[in-house]
Amino acid sequence: MSVPTLLIRNARRIETFDDAGTAYEDASIFVRGNAIEAIGRADTLPARADSVIEAREMIVLPGLVNTHHHFYQTLTRNVPGTQDSPVFEWLVRLYPVWARMTPEAIRAATAVALAELLKSGCTTAFDHTYIWPNGARLDDEIEVAREIGVRFHAARGSMSLGESKGGLPPDSLVEDEDAILRDCERVIDAYHDPGRFAMTRIVLGPCSPFSVSLDLMRATIELARDRGVSAHTHLAESLDEERFCLDKFGRRPVELAEDLGWFGDDVWHAHMVHASAAECERLGKSRTGIAHCPSSNMRLGSGIAPLGALQRAGARVGLGVDGSASSDSSHLLGEARQAMLLQRVNGDPAALTARQTLRLATRGGAAVLGRDDIGSLAPGMAADIIGFRLDTLDLSGGAIHDPLAALIFCRPPDVAFAIVNGRVRIENGAFVDLDVARLIERQNRAARNLFNGA
Ligand SMILES: [Zn+2]
């Protein structure tokens with residue numbers, strides 16, 4: 001049987017996000033199997049393929065890459081009593097709710113988060129789940145991601161430092177450290193694919209300096225390096241965390257991470273709001289990655305991450321929608337708009353341009369996840385491709401000038417089509433094979449169950 005071909009035909013504009021920032025007008029992309037074979041002006045490409053997507057009046061981009069999320073939190077969006085809390089208080093109120101999650105709840109939440117992400121243009125998603133109550137396992141998420149067909153980097157997250165040992169989470173939600181490390185090994189053996197175009201990769205993700213021991217931080221990074229997988233945690237998110245680290249360890253969060261070996265091109269940290277100029281320099285020099293999560297940082301009043309300093313120093317920077325209990329949405333293009341606007345509030349309207357922001361959402365995210373096969377459109381790259389209609393009410397009068405910038409200066413749209421690894425997942429604005437109504441019903445049932453008897 002021959003490998004199927006797919007043609008995305010006559011796009012008004014294709015933005016490749018290659019090194020030179022190449023864009024084409026009236027252009028097409030020819031895909032064979034899971035890879036791009038040719039891209040360029042429509043009249044230079046084959047006119048036929050096994051399947052064809054008409055992209056007239058569309059802008060076509062590489063699929064976006066999300067670098068930080070907690071899928072399970074889609075079950076606890078907008079919870080009264082946590083809407084206006086800072087991060088420590090917000091966590092303490094939500095831990096007992098999360099403790100009631102079942103494997104079925106995690107599966108429903110994973111499907112919801114992935115569907116939302118895909119609808120907003122995200123074709124590669126990362127998840128950081130660090131709570132595994134009632135028999136839930138990482139396998140639950142991986143199986144759902146494979147069904148939905150999104151490229152997935154899954155963290156085996158963990159918490160081991162309960163209240164009785166000076167940590168923030170209740171003792172009932174933390175795990176034994178040997179058991180955590182054994183399960184990390186198990187999921188790497190079972191699922192991690194280091195190869196090009198991998199659909200599943202494993203990441204090791206202790207939650208934060210206030211919920212795991214320093215021993216577990218050290219053991220985890222050693223294991224990650226031994227097995228050749230990336231490592232991820234939350235760092236320098238809030239001033240509460242900074243005080244906690246100074247009181248308990250006599251070091252600032254970034255200094256602590258550096259001491260523990262949590263610097264380098266195989267590590268990325270979520271947030272990095274409170275990094276000093278010197279810390280940004282050291283993070284950049286070591287090529288450490290950062291997941292910038294502007295909505296969550298604004299919602300929790302955490303602050304504004306120093307993106308300019310981090311990027312100038314050489315840090316790898318991508319965008320993350322963060323968990324849906326602190327940003328309440330998994331719209332990655334919407335998150336790009338938030339990132340662009342937040343960098344400007346201190347007085348510089350040119351602090352982050354639309355193009356720079358969308359580069360963070362594509363190439364930036366790919367670099368953070370350690371991938372060179374996604375994030376741009378070129379022959380030989382993975383066929384992760386998205387398209388947005390430009391002839392809509394929201395973009396009218398705007399997309400005539402600069403269709404790329406219109407995507408985040410105007411109301412961020414949902415995709416018209418999304419292709420992951422050569423498979424069409426959304427076409428004509430609708431999921432090809434996902435029953436969304438059933439998904440919503442299932443999610444609302446699981447979410448209600450968390451609050452029954454609370
Ligand atoms: Zn987070």
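The values are calculated or read from the model by the stated rules, or taken from the named source; none is laboratory data. Model, not experiment: these values are computed from the prediction. Cβ sites come from the backbone with ideal geometry, for glycine too, and all protein chains shown count toward neighbours.
Here are the numbers:
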read-out	value
Looking only at the stretch 280-317, and only at residues there that are of a type in the set (Ser, Thr, Tyr) and within 15 Å of the ligand (Cβ to nearest atom), the one that is surrounded by the fewest Cβ atoms within 10 Å (Cβ to Cβ)	SER295
Selection within the stretch 121-143 - surrounded by fewer than 24 Cβ atoms within 10 Å (Cβ to Cβ) and either closer than 19 Å to ARG423 by Cα or without any contact (Cβ under 8 Å) to a residue 24 or more places away in the chain (or both)	ILE142, GLU143
Long-range neighbours under 6 Å by Cβ, at least six apart or interchain, first residue in contact (Cβ under 8 Å) with a residue 60 or more places away in the chain within the stretch 308-323, second within 16 Å of the ligand (Cβ to nearest atom) and among the hydroxyl-bearing types (Ser, Thr, Tyr)	GLY318/THR67; GLY320/THR67; VAL321/SER327; VAL321/SER330; ASP322/SER296
Within the stretch 370-405, considering residues that are under 29 Å from ASN34 (Cα atoms) and free of Cβ contacts under 8 Å to residues at least 60 places away in the same chain, the one surrounded by the most Cβ atoms within 10 Å (Cβ to Cβ)	ALA405
Residue pairs meeting the criteria (Cβ under 7 Å; at least 6 apart or on separate chains; first more than 18 Å from ALA406 (Cβ to Cβ) and in contact (Cβ under 8 Å) with a residue 12 or more places away in the chain, in the stretch 1-21; second among the hydroxyl-bearing types (Ser, Thr, Tyr) and part of a strand (DSSP E or B))	LEU6/SER51; LEU7/SER28; ILE8/SER28; ARG9/SER28; ASN10/SER28
All helices (runs of 4 or more DSSP H) inside the stretch 39-157 with 3 or more residues being touching a helix residue (DSSP H, G or I) at 6+ places or on another chain (Cβ under 7 Å) and closer than 29 Å to ASP193 by Cα	103-119, 138-148
Failed item in (1) basic (Lys, Arg); (2) assigned to a loop (DSSP other than H, G, I, E, B); (3) touching a residue at least 12 places away in the same chain (Cβ under 8 Å), with ARG344 passing the rest	(3)
Matching residues in the stretch 230-243 - criterion: being closer than 14 Å to ILE188 by Cα and touching a helix residue (DSSP H, G or I) at 6+ places or on another chain (Cβ under 6 Å)	ALA231
Filter result (over 20 Å from LEU117 (Cβ atoms) and polar (S, T, N, Q)) within the stretch 327-364	GLN343, ASN346, THR353, GLN356
Yes/no for ARG363 being touching a residue at least 12 places away in the same chain (Cβ under 8 Å), part of a helix (DSSP H, G or I) and on the phi < 0 side of the Ramachandran plot	yes
Some residue of the stretch 80-87 being at positive phi, more than 16 Å from the ligand (Cβ to nearest atom) and over 17 Å from the mean Cα position of the chain (by Cα)	yes
ARG252 closer than 24 Å to LEU91 by Cβ, away from the ligand (no atom under 16 Å from the Cβ) and at pLDDT 95 or above	yes
Some residue of the stretch 164-177 being surrounded by 22 or more Cβ atoms within 10 Å (Cβ to Cβ) and either without any contact (Cβ under 8 Å) to a residue 12 or more places away in the chain or closer than 30 Å to VAL436 by Cα (or both)	no
Selected residue (criterion: modelled with the lowest pLDDT) from residues of the stretch 427-454 that are assigned to a helix (DSSP H, G or I) and hydrophobic (A, V, I, L, M, F, W, C)	PHE451
The stretch 263-279, residues that are away from the ligand (no atom under 16 Å from the Cβ) and under 24 Å from HIS69 (Cβ atoms)	PHE263, GLY264, ASP265, ASP266, ALA275
Scan of the stretch 5-61 for residues that are crowded, with 17+ Cβ neighbours inside 10 Å and on the phi > 0 side of the Ramachandran plot, ordered by number	ASN10, PHE17, GLU57
All positions within the stretch 318-339 that are surrounded by fewer than 24 Cβ atoms within 10 Å (Cβ to Cβ) and either more than 16 Å from the ligand (Cβ to nearest atom) or at negative phi (or both)	SER329, HIS331, GLY334, ARG337
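Yes or no, residue by residue, for (1) closer than 23 Å to PRO294 by Cα; (2) away from the ligand (no atom under 16 Å from the Cβ); (3) of a type in the set (Gly, Ala, Ser):
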residue: GLY195; (1), (2), (3): no, yes, yes
residue: LEU204; (1), (2), (3): no, no, no
residue: PRO209; (1), (2), (3): yes, no, no
residue: ALA224; (1), (2), (3): no, yes, yes
